[in-house]
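For reference, the structure is listed below as structure tokens.
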Number of protein chains: 2
Amino acid sequence: MKKKKIVTIGGGTGSFMLLSGLKKYQVDLSAIVSMADDGGSTGVLRDELGVLPPGDVRQCLVALSDSSETLRRLLNYRFEEGGLKGHSFGNLFLSALEKISGSFSRGVEEAMHILNVRGQVIPVTDQDAKLYLETTDGCIFSGENEINHSDFSPGKIKKIYFNPKIKANKKALKCIKEADVIVIGPGNHFCSILPNFLISDFSEAIRKSKAKVIYNCNLTNKKGHTDGLDVDDYVDSINGFIGKDRIDYVTFNVKKPSRELMEKYEKIEGGRFLVDFNVQKNPNRKYKLIKGNFILNGEAEYGKADALAKTRSFIRHSSNKLAKTIFMVSEIENYKNIIKEIL
Amino acid sequence: MKKKKIVTIGGGTGSFMLLSGLKKYQVDLSAIVSMADDGGSTGVLRDELGVLPPGDVRQCLVALSDSSETLRRLLNYRFEEGGLKGHSFGNLFLSALEKISGSFSRGVEEAMHILNVRGQVIPVTDQDAKLYLETTDGCIFSGENEINHSDFSPGKIKKIYFNPKIKANKKALKCIKEADVIVIGPGNHFCSILPNFLISDFSEAIRKSKAKVIYNCNLTNKKGHTDGLDVDDYVDSINGFIGKDRIDYVTFNVKKPSRELMEKYEKIEGGRFLVDFNVQKNPNRKYKLIKGNFILNGEAEYGKADALAKTRSFIRHSSNKLAKTIFMVSEIENYKNIIKEIL
């Protein structure tokens, strides 16, 4: 049985979570990673060394790496003193490899060899550009970090774009073309997910692809960014940039988080922060909703060294539950045949 | 035939050269590395992060690493811009591993795994101390970097010492105890070689060891440091710190460097910069002199990425010629038996 080609699209901890689960299955795994990040250690490296943002790629490499616990801790290690303060060692590792090998993509390829990565990690672009977001009331937010830390209402967004315009990495396009399953999200909607679809040849590749497309809808809305959005809103937003109703399946969590977590979030986020699904809203929706319990519930899914190790105090996806569902969807035809044979 | 246990003692490019040659032989190789360095990137990391000096260890790890050319280039890569300017990636790698694993020695052990090192690299101590040199005319030079860049006459040295007093790494002591052959030098006499022997339990271990001791005498004297020293002076200096005439063999180059190199050195170093051997000076010397052609003569012995890649414009040891001689000495008993059997 040939391994299914699964391609994830995202960035940051959302991709880390997803890949940590999916790598336990016999699948051919590729992670396409957003390149909009310009905050923290990544931002300093972009400014000072003129490199592309390493942070999100680093997290995906760690997720897929078969190397030792120490190497994983090393990649996530942040210097705490002096001129190196705040720099993640893994970011320095990727930036040095970019400098040596002449391009960020080639640097990432070298990193995959060194770290013994199961699958591949592909930056969505090899070009350097800044993310901008304009609102209908005339604000222009410049850079992913500024957008991430600004408040705007989702109804007031006029435009989100890269400047200068950028093209997708050819390897990313090839990967989309050959994919059996494309998995989008979860992740920060405006800062990690949408930036991938703003690259027009990348969206075109998804529009034309024959893959099944699964969207893992976020569990909670982000205050000042996506307040009040429901599942259809998220799906419409992504399909809008793809230019076609390409999303076939949406995973949607129906299990209520613990009372403790709910109270914690209510204090910070206010009333209705869980993403809703309104069945009456759109009787003609093109996607199938996969309802289930997708939240992390006290299980230890990560090593001590991993970025999500202290994740239990947040409402988070369970990487194992989500990965199992995605694997089932990817193998659904095979299961159909087995069922037919038994019948 | 059991592999001979060869232990090298030194630091910096001298050890790099020696190990690059020795690793081509079927020997059990350990590199004990001086921990006095406090200049450049290493000095900044010592000051700002409170780590032990990674620079010399890095060079030995690269020499013994079986990993790819890219990984070797990466370890030697120096950042060129911003707050990271001047830092060697390999130094950051070792400093982060020290922070994660809790001690420099354990960090180096992790590095050996990650880099697939053939043999082992052992810092001579795990304790932090500064090197001092006092002259008879009342100067006190403080720190390896200051000593390295100061002028003093070798006849005027009153005292060289670490403050605070430090103990040797236990692994280094064990290694000396079990060694078949101990190889000292070449290297910067006051900054890379002697600092090892200033650690009293380390010198005691060598004094008591049953190993053959080979000393690779430097080819040239260092202006303002070792002007006019001959082979016996170097040997006496090291034996003095060991507390016994422990050096059994001394390799001594008799091949004159090219006219071009001689003229270049004469301009910078003045007249008699080549280290001399004066057979009449000491008829009772305890060591055997191994005379030979030990200099690099236009051969390419290193990869493009290596620290010694551009070594041809200096008077340097040939790593291949020196390693061959050391291997022959280490196996001399076996050769004797073979010769006896033939006779």
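Looking for whichever is free of Cβ contacts under 8 Å to residues at least 40 places away in the same chain and under 30 Å from B:Glu48 (Cα atoms) here; the options are A:Gly155, A:Gly90, A:Gly102, A:Gly86. Which one fits? So that I can check it myself, show each step before the final result.
Values: A:Gly155 fails: under 30 Å from B:Glu48 (Cα atoms); A:Gly102 fails: under 30 Å from B:Glu48 (Cα atoms); A:Gly86 fails: free of Cβ contacts under 8 Å to residues at least 40 places away in the same chain.
Among A:Gly155, A:Gly90, A:Gly102, A:Gly86, only A:Gly90 is free of Cβ contacts under 8 Å to residues at least 40 places away in the same chain and under 30 Å from B:Glu48 (Cα atoms).
Does region B:122-139 contain any residue that is surrounded by fewer than 19 Cβ atoms within 10 Å (Cβ to Cβ), more than 14 Å from chain A (Cβ to nearest Cβ), over 18 Å from B:Leu49 (Cα atoms) and touching a residue at least 60 places away in the same chain (Cβ under 8 Å)?
No.
Just for region A:1-26: of the residues that are among the hydrophobic types (A, V, I, L, M, F, W, C) and assigned to a strand (DSSP E or B), which one is nearest to A:Ile176 (Cα to Cα)? Don't jump to the end; show me each part of the working.
So the first thing to find is which residues in region A:1-26 are among the hydrophobic types (A, V, I, L, M, F, W, C), and the list is A:1, A:6-7, A:9, A:16-19, A:22.
Those left that are additionally assigned to a strand (DSSP E or B): A:6-7, A:9.
On the way: A:Ile6: 9, A:Val7: 7, A:Ile9: 10 Å.
The selected residue is A:Val7.
Which one is surrounded by the fewest Cβ atoms within 10 Å (Cβ to Cβ), of the residues in region B:165-174 that are outside any helix (DSSP H, G or I) and among the basic types (Lys, Arg)?
Taking region B:165-174 and keeping what is outside any helix (DSSP H, G or I), we get B:165-169.
The next check asks that each one be among the basic types (Lys, Arg); those that pass are B:165, B:167.
Numbers: B:Lys165: 11, B:Lys167: 13.
Out of the qualifying residues, it is B:Lys165.
Report, ordered by the first and then the second residue, all pairs with beta carbons closer than 6 Å, sequence separation of six or more or different chains, a first member in region B:42-55 that is within 13 Å of chain A (Cβ to nearest Cβ) and surrounded by fewer than 17 Cβ atoms within 10 Å (Cβ to Cβ), and a second member that is of a type in the set (Gly, Ala, Ser) and not in a loop (DSSP other than H, G, I, E, B).
Note: pairs meeting the criteria are B:Glu48/A:Gly82.
A:Ile242: surrounded by 18 or more Cβ atoms within 10 Å (Cβ to Cβ) and modelled with pLDDT of 80 or more, yes or no? Give the steps one after another, and end with the answer.
Details: surrounded by 18 or more Cβ atoms within 10 Å (Cβ to Cβ): yes; modelled with pLDDT of 80 or more: yes.
In short, yes.
Would you say A:Val250 is surrounded by 20 or more Cβ atoms within 10 Å (Cβ to Cβ), farther than 15 Å from A:Ala36 by Cβ and of a type outside the set (Gly, Ala, Ser)? Full working, then the answer.
Working: surrounded by 20 or more Cβ atoms within 10 Å (Cβ to Cβ): yes; farther than 15 Å from A:Ala36 by Cβ: yes; of a type outside the set (Gly, Ala, Ser): yes.
Considered against the rule, which asks whether it is surrounded by 20 or more Cβ atoms within 10 Å (Cβ to Cβ), farther than 15 Å from A:Ala36 by Cβ and of a type outside the set (Gly, Ala, Ser), A:Val250 comes out as yes.
Give the residue, chosen from B:Gly21, B:Gly40, B:Gly55, B:Gly12, that is small (Gly, Ala, Ser) and out of contact with any Ser or Thr (no Cβ under 7 Å at 6 or more places or on another chain).
Numbers: B:Gly21 fails: out of contact with any Ser or Thr (no Cβ under 7 Å at 6 or more places or on another chain); B:Gly55 fails: out of contact with any Ser or Thr (no Cβ under 7 Å at 6 or more places or on another chain); B:Gly12 fails: out of contact with any Ser or Thr (no Cβ under 7 Å at 6 or more places or on another chain).
One residue alone meets the criteria, B:Gly40.
Of all residues in region B:1-41, which are closer than 18 Å to B:Asn169 by Cβ and within 14 Å of another protein chain (Cβ to nearest Cβ)?
Within region B:1-41, no residue meets the criteria.
Mind listing whichever residues of region A:60-82 are surrounded by 16 or more Cβ atoms within 10 Å (Cβ to Cβ), assigned to a helix (DSSP H, G or I) and within 9 Å of chain B (Cβ to nearest Cβ)? Quick ask: steps written out before the conclusion?
The first filter runs over region A:60-82 and keeps only residues surrounded by 16 or more Cβ atoms within 10 Å (Cβ to Cβ), leaving A:60-65, A:67, A:70-79.
Adding the requirement that they be assigned to a helix (DSSP H, G or I) leaves A:60-64, A:70-76.
Of everything in region A:60-82, those that are surrounded by 16 or more Cβ atoms within 10 Å (Cβ to Cβ), assigned to a helix (DSSP H, G or I) and within 9 Å of chain B (Cβ to nearest Cβ) turn out to be A:Thr70, A:Leu71, A:Arg73, A:Leu74.
Could you tell me how many of the residues in region B:83-101 are surrounded by fewer than 23 Cβ atoms within 10 Å (Cβ to Cβ), small (Gly, Ala, Ser) and either at the interface with another protein chain (Cβ under 8 Å from one of its Cβ atoms) or touching a His at 6+ places or on another chain (Cβ under 9 Å) (or both)?
Number satisfying all stated conditions: 2.
Yes or no, residue by residue, for (1) among the aromatic types (Phe, Trp, Tyr); (2) more than 19 Å from the chain's Cα centre (by Cα); (3) more than 27 Å from A:Gly292 (Cα to Cα):
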| position | (1), (2), (3) |
| --- | --- |
| A:Tyr161 | yes, no, yes |
| A:Lys208 | no, yes, yes |
| A:Asp227 | no, yes, no |
| A:Val250 | no, no, no |
| A:Lys255 | no, yes, no |
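Look through A:Phe162, A:Phe104 and report the one residue that is crowded, with 18+ Cβ neighbours inside 10 Å, farther than 24 Å from B:Ser67 by Cβ, away from every other protein chain (no Cβ under 14 Å) and in contact with a strand residue (DSSP E or B) (Cβ under 7 Å, 6 or more places away or on another chain).
Numbers: A:Phe104 fails: farther than 24 Å from B:Ser67 by Cβ.
Exactly one residue qualifies, and that residue is A:Phe162.
What tally of residues in region A:325-337 results from selecting those that are closer than 13 Å to A:Asn293 by Cβ and at pLDDT below 90? Walk me through how you get there before you give the answer.
Of the residues in region A:325-337, the ones closer than 13 Å to A:Asn293 by Cβ are A:325.
Still in the running and at pLDDT below 90: none.
Counting residues in region A:325-337 that are closer than 13 Å to A:Asn293 by Cβ and at pLDDT below 90 gives 0.
Quick one: A:Arg118 ticks every box in (1) basic (Lys, Arg); (2) more than 11 Å from chain B (Cβ to nearest Cβ); (3) touching a Gly at 6+ places or on another chain (Cβ under 8 Å) except a single one, so which number is it?
(3)
Restricting attention to region A:202-235, which residues are among the aromatic types (Phe, Trp, Tyr) and assigned to a helix (DSSP H, G or I)? Write out each step before concluding.
Within region A:202-235, the subset among the aromatic types (Phe, Trp, Tyr) is A:202, A:215, A:234.
Across region A:202-235, the qualifying residues are A:Phe202, A:Tyr234.
Which of the residues that make up region B:288-324 are crowded, with 19+ Cβ neighbours inside 10 Å, at pLDDT below 90 and small (Gly, Ala, Ser)?
B:Ala307
Just one of (1) farther than 22 Å from A:Val183 by Cα; (2) modelled with pLDDT of 95 or more trips up A:Arg259, so point out which.
Every listed condition holds for A:Arg259 apart from (2).
Going by the conditions given, is A:Asn221 of a type outside the set (Asp, Glu), surrounded by fewer than 15 Cβ atoms within 10 Å (Cβ to Cβ) and at negative phi?
Working: of a type outside the set (Asp, Glu): yes; surrounded by fewer than 15 Cβ atoms within 10 Å (Cβ to Cβ): no; at negative phi: yes.
Answer is no for this residue.
The values are calculated or read from the model by the stated rules, or taken from the named source; none is laboratory data. Just so you know, these numbers come straight off a predicted model, no measurement behind them. With ideal geometry, Cβ positions are generated from the backbone for all residues, glycine too; neighbour counts draw on all protein chains shown.
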